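Structure record follows, encoded as structure tokens.
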Amino acid sequence: MKNLKRLYPDNPLVLLCRSGLGDFFLDKKLVDEVFEVGKKPATNWAGVRKDLGKRKFKFVVSPHQSFRTAWFVSRLKAEKKIGYKKWWNSFAFDLRIFRPMNLPEVLRQMALIRHLDGAIDQELNRSEDLNWADPANSPAVPYLFSLQFEADIKNREKIIYLSPGSEWPTKRWREDGFVKIGKYYRAKGYFVAVTGTSAEKELNAKISSQIDGARDFTGKTTITELYEKFRKGTLLITNDNGASHIASCAGLPVIAVFGPTMTSFGYRPWIDKARIAQADVSCRPCSAHGTEKCPLGTHECMKKVSSEHIVQKADELGVFT
């Protein structure tokens with residue numbers, strides 16, 4: 001969206017997204033207009049289709065790969081419709097782009113518009129043979145592809161944020177691990193705050209109640225409000241979840257614990273000041289998105305990640321003064 005704004009500053013940018021996400025993009029002036037739709041159940045699609053169907057767009061760019069999205073795109077009027085190439089979706093898109101799975105997700109999405117700008121194409125060509133999986137050993141995130149806005153360094157607060165939740169139970173690091181980490185940084189003079197969605201209230205309340213003076217923002221913030229808090233924080237310790245990506249936008253250093261998933265899937269925190277905490281076990285990865293239960297019944301990938309390992313990773317970032 002940043003790059004589309006840069007390339008076409010005089011063209012209004014319209015975003016179709018999931019309910020609850022649009023305000024952030026409007027607030028950051030990434031888009032000019034937002035239409036939100038539900039996911040489960042599929043709400044408001046008919047109304048949005050009717051409204052957007054009356055317009056004529058210069059481009060429709062779709063990083064989403066479902067049949068429903070392709071069918072929706074096929075009903076829109078545009079000079080050009082761009083999406084990832086699937087064997088079945090030629091009916092929806094004029095230009096279908098091979099999705100480069102060797103690249104992180106941010107760069108995969110940039111591939112959709114590389115033909116629109118020589119600078120993007122050139123930077124992607126440079127990126128194709130680089131190792132992006134480990135932030136500790138990766139090149140710096142190219143400015144052209146950065147998600148980051150300005151961190152509020154002037155008003156930086158001594159707060160360690162914890163995000164213990166995940167939609168999938170196997171992607172959650174140990175509850176006692178988060179408690180131990182929280183107590184460790186409280187003893188070091190840092191405030192501790194726990195964040196998450198409303199679905200994670202019970203888990204996060206158990207964790208925050210065991211850390212003296214911890215603040216619990218679970219289910220109490222919008223994405224924009226959480227982003228503003230993250231701008232002033234010291235560090236986020238999280239699982240492989242959405243909080244790491246909000247932190248990347250806010251310029252908040254991140255320690256992300258990966259278990260059943262791997263950074264090679266393309267979803268590492270997209271920020272230079274990030275480290276990955278993970279265990280070297282032979283059964284990883286076992287899932288693309290995590291599962292309800294460990295297939296082996298051991299959950300070794302998370303149990304073997306120690307709080308000491310996370311502290312070590314945090315020290316590597318050099319964020320503590």
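Only the coordinates and a few stated rules stand behind these numbers; no lab work does. The model shown is predicted, which means the values in this text are computed figures rather than measured ones. Methodologically, a virtual Cβ is constructed for each residue, glycine included, from the backbone with ideal geometry; neighbour enumeration extends over all protein chains shown.
Grab the DSSP H runs of the chain that are 4 residues or longer, score each as -39,500 (n - 2.57), total them, divide by all residues and round the 222 nm result to the nearest 500 deg cm²/dmol. If you can, show how the numbers build up before the last one.
Numbers: 12 runs with 98 residues, N = 321.
Taking each H run of at least 4 residues, the total per residue is -8500 deg cm²/dmol.
How much net charge surrounds Gly22 when only the other residues with a Cβ under 15 Å from the Cβ of Gly22 are counted, with Lys and Arg +1 and Asp and Glu -1?
Values: positive: Arg18, Lys28, Lys29, Lys39; negative: Asp23, Asp27, Asp32, Glu33, Glu36, Asp51, Glu225.
Every neighbour counted, the sum reads -3.
What does the highest-first list of 97-105, 150-158, 240-248 look like by mean Cβ count within 10 Å?
Averaged packing, sorted descending, gives the order 240-248, 97-105, 150-158.
Cα gyration tensor of segment 1-113, axes a ≥ b ≥ c as square roots of the eigenvalues: rounded (a/c below 1.5), prolate (a/b > b/c) or oblate? Walk me through the numbers on the way to the answer.
Values: a/c = 1.31, a/b = 1.08, b/c = 1.21.
Rounded is the answer for segment 1-113, as its axis ratio a/c remains below 1.5.
Any of Lys39/Lys304; Lys206/Lys232; Lys188/Lys303; Lys180/Lys201; Lys56/Lys220; Lys81/Lys232 with alpha carbons more than 29 Å apart? Name them for me.
Numbers: Lys39/Lys304 35 Å; Lys206/Lys232 25 Å; Lys188/Lys303 25 Å; Lys180/Lys201 19 Å; Lys56/Lys220 39 Å; Lys81/Lys232 39 Å.
Too far apart for the 29 Å limit: Lys39/Lys304; Lys56/Lys220; Lys81/Lys232.
Please identify the chymotrypsin sites (Phe, Trp or Tyr not before Pro) of segment 46-95 that satisfy two criteria: DSSP loop assignment and at most 16 other Cβ atoms within 10 Å. Which are they?
Details: sites: Phe57, Phe59, Phe67, Trp71, Phe72, Tyr84, Trp87, Trp88, Phe91, Phe93; in loops: Trp87, Trp88, Phe93.
In loop regions of segment 46-95 (DSSP not H, G, I, E or B), the sparsely surrounded chymotrypsin sites (Phe, Trp or Tyr not before Pro) are Trp87, Trp88.
Roughly how many whole Å is it from the C-alpha centroid of segment 115-155 to that of segment 254-268?
17
If the cut-off is a Cα-Cα distance under 16 Å, which lysines reach Lys2, setting aside same-chain residues fewer than 8 apart in sequence?
Lys28, Lys29
For segment 39-101, what class follows from the C-alpha gyration tensor (a ≥ b ≥ c being the square roots of its eigenvalues): rounded when a/c is under 1.5, otherwise prolate if a/b is larger than b/c, else oblate? Provide the component values of the computation, followed by the final result.
Working: a/c = 2.29, a/b = 1.28, b/c = 1.78.
Since a/c reaches 1.5 but b/c is at least a/b, the shape of segment 39-101 is classed as oblate.
Springs between alpha-carbon pairs under 10 angstrom, Gaussian network model over the chain: which of Ala78, Ala250, Ala136 fluctuates most?
Sorting by GNM fluctuation, first place goes to Ala78.
Over the chain, what is the relative contact order in whole percent, taking alpha-carbon pairs under 8 Å and six or more residues apart? Spell out each step's value before the answer.
Details: 569 pairs, mean separation 45.1, N = 321.
So the answer I get is 14 percent.
Quick one: Cα centre-to-centre distance for segment 37-101 and segment 165-187, in angstrom?
So the two Cα centres are separated by 39 Å.
Excluding residues on the same chain fewer than 8 positions from Lys171, give the aspartates and glutamates whose Cα lies under 20 Å from its Cα.
Within the straight-line limit of under 20 Å, Lys171 reaches these aspartates and glutamates: Glu105, Asp134, Glu200, Glu202, Asp240, Asp280, Glu292, Glu300, Glu308.
Sum up the charges of everything whose Cβ sits under 11 Å from the Cβ of Thr238, counting Lys and Arg as +1 and Asp and Glu as -1, but leave Thr238 out. Working shown, then result.
On the way: positive: Lys171, Arg172; negative: Asp240.
Around Thr238, the charge tally is +1.
Rounded if a/c is under 1.5, else prolate if a/b beats b/c, else oblate: with a ≥ b ≥ c from the C-alpha gyration tensor eigenvalues square-rooted, which is segment 180-321? Don't skip to the answer; put the middle values down first.
Details: a/c = 1.40, a/b = 1.35, b/c = 1.04.
Because its axes are fairly even, with a/c under 1.5, segment 180-321 counts as rounded.
Answer with a single label: of (1) -0.18, -0.41, -0.51, -1.07; (2) -0.33, -0.61, -0.69, -1.05; (3) -0.22, -0.51, -0.63, -1.20, which was calculated as log10 I(q)/I(0) by the Debye sum over Cα atoms at q = 0.06, 0.09, 0.10, 0.14 Å⁻¹ from the structure in view?
Checking each listed value against the structure points to (3).
List the aspartates and glutamates whose alpha-carbon lies under 17 Å from that of Lys229, not counting same-chain residues fewer than 8 positions away?
Within reach: Asp23, Asp27, Glu150, Asp152, Glu157, Asp216.
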